[in-house]
Amino acid sequence: MIDSGRLVTLEQSEPVAIAVPPSVRPERGTRQRLDQVDAMRPVKQAGVVTTHSLIAFAPIGTGVAVGSALMLTHVTREAFLFVSACMLAYSLRELERIDFRSFWRRRCAMVVVPYLCWTLIYFIFTLATRSATLPSDLVHLAYLTVTGYYQLYFLVVLLQFYALFPLFFFLLRRTRGHHGTLLFVSGVIQVLLVSLMHWEIVPRWMQGFWATREVTSYQFYLIAGMVVAYHLEDVHRWLCSHARLVVASTLLSAGIAEVWYFLAADHVVSGLGSSSDPFQPVVIPFNIGAIACIYLVGVVLVSPHRSARIRAVVRSGSDNAYGVYLAQMIFITGLGWLGWRGLNDVIPWPLVMVLSVVVVFLSSAALTAILARTRLAQPLTGRTQVAWHPALTNAGALQRR
């Protein structure tokens, strides 16, 4: 989590003041906060929770409807990686060289430790549902550690990105002045690769399950995040001044993707490939538009015209978003054990999905807020420990005097 410093994000009609002058940047990068990008975090995490709630609680017989929704909500994977790459590149964009030993040490504390801790937690949490021997359980734990338990595979991809970051950083520096060309080439490669995966032309290890865990499957969104970070002021101005066009284009691309899905699912048109494929070439324009829309939502949420209470809620949601991502399956699995899906017999299933997202998101955020105030903050939330309450902390300090 990037902390310290506050960024003033202005409405589209006002001048943009985002960048920090190079003269005040620390030697190893800036920890300047980008409020509108931070505000994207809870929005996309709500999308992740929605995806997993649909998978866990949607009633039998709604396969096509749920599948069509999942086709769009899966954009949260790409948004997660885009935001991570953007924030990282922004913090380092003025540097000519990076101390990669320090870089990887910090990434280890932020990603590797929480990843290993939560992999073990989920392994123990679901152990009662398994009937296996100790050796097979240990093999299963090793398998989860390598491939990522359920949603934790996002971090497997992120770690690959961090390992390759010197190459990405070198590429961005060498193509300075030609980032548009770099983005175009990366986009062409993304469309080509996803198409080859979708129509099963590439080897099996580059398809389906394994493709979701390979950094090559997301290279365009990582490079796009870094390019946007290098040109954030210009991108911000363009998006804010073309907000209606961005929203309309995103809705149009979503409609095209949904038509594709239904034609493939009902076998109306042959040759469209599997509708259940996690990567669909037709959804790439929607992914780009959706990420842009989430950015615009972030701009609105942190606008100076928002009330202090709303901005505080957004700040809290941003601070706890990583923890929501890590802990969400504890609550989804627990609700499943309690027979949560049975609510579909009482109220319409779309409402059950909305209720599921609210309950899981708020529960995960509350757990994260509690853990962040204990010595387990770093390993379980990726955050530095914070005080339970400033007033209580100050009172305790006075008593000690």
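The values are calculated or read from the model by the stated rules, or taken from the named source; none is laboratory data. Bear in mind the structure is a predicted one, so any value in this text is a computation, not a measurement. When we count neighbours, we look across all protein chains shown, and the Cβ atoms used for this are built from the backbone with ideal geometry, even at glycine.
The table that follows gives values for the structure above.
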item: Unmet criterion (only one of (1) within 19 Å of Arg93 (Cβ to Cβ); (2) assigned to a helix (DSSP H, G or I)) for Gly177; result: (2)
item: Residue identified as modelled with pLDDT of 90 or more, touching a helix residue (DSSP H, G or I) at 6+ places or on another chain (Cβ under 6 Å), of a type in the set (Gly, Ala, Ser) and farther than 30 Å from Leu95 by Cα among Ser195, Ser186; result: Ser195
item: Test: residue in the range 205-227 that is modelled with pLDDT under 90 and not in a helix (DSSP H, G or I); result: yes
item: Residue in the range 297-312 that is free of Cβ contacts under 8 Å to residues at least 12 places away in the same chain, surrounded by fewer than 22 Cβ atoms within 10 Å (Cβ to Cβ) and either touching a Lys or Arg at 6+ places or on another chain (Cβ under 6 Å) or closer than 17 Å to Ala79 by Cβ (or both) present; result: yes
item: Number of the condition not met by Glu200 [criteria: (1) exposed (fewer than 12 other Cβ atoms within 10 Å of the Cβ); (2) part of a loop (DSSP other than H, G, I, E, B); (3) of a type outside the set (Ser, Thr, Tyr)]; result: (1)
item: Complete set of residues in the range 228-237 that are assigned to a helix (DSSP H, G or I) and under 23 Å from the mean Cα position of the chain (by Cα); result: Val228, Ala229, Tyr230, Leu232, Glu233, Val235, His236
item: Segments classed as helices (runs of 4 or more DSSP H), wholly inside the range 31-103, with at least 2 members that are farther than 24 Å from Val358 by Cα; result: 75-92
item: Among residues of the range 31-81, those that are small (Gly, Ala, Ser), buried (at least 22 other Cβ atoms within 10 Å of the Cβ) and under 17 Å from the mean Cα position of the chain (by Cα), counted; result: 3
item: Residue in the range 254-279 that is farthest from the chain's Cα centre (by Cα), counting only those that are without any contact (Cβ under 8 Å) to a residue 60 or more places away in the chain, surrounded by 15 or more Cβ atoms within 10 Å (Cβ to Cβ) and under 18 Å from Val66 (Cβ atoms); result: Ala264
item: Long-range neighbours under 6 Å by Cβ, at least six apart or interchain, first residue within 20 Å of Ala79 (Cα to Cα) and among the β-branched types (Val, Ile, Thr) within the range 185-212, second at pLDDT below 95 and not in a helix (DSSP H, G or I); result: Val194/Phe279; Thr212/Pro278
item: Of all residues in the range 125-177 being closer than 25 Å to Thr76 by Cβ, among the β-branched types (Val, Ile, Thr) and surrounded by 13 or more Cβ atoms within 10 Å (Cβ to Cβ), the one that is modelled with the lowest pLDDT; result: Thr126
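To keep it simple, each residue is scored yes or no on (1) of a type in the set (Phe, Trp, Tyr); (2) under 25 Å from Leu380 (Cα atoms).
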{"residue": "Gly148", "(1), (2)": "no, yes"}
{"residue": "Ala163", "(1), (2)": "no, yes"}
{"residue": "Phe170", "(1), (2)": "yes, no"}
{"residue": "Arg174", "(1), (2)": "no, no"}
{"residue": "Val194", "(1), (2)": "no, no"}
{"residue": "Met197", "(1), (2)": "no, no"}
{"residue": "Met206", "(1), (2)": "no, no"}
{"residue": "Gly225", "(1), (2)": "no, no"}
{"residue": "His231", "(1), (2)": "no, no"}
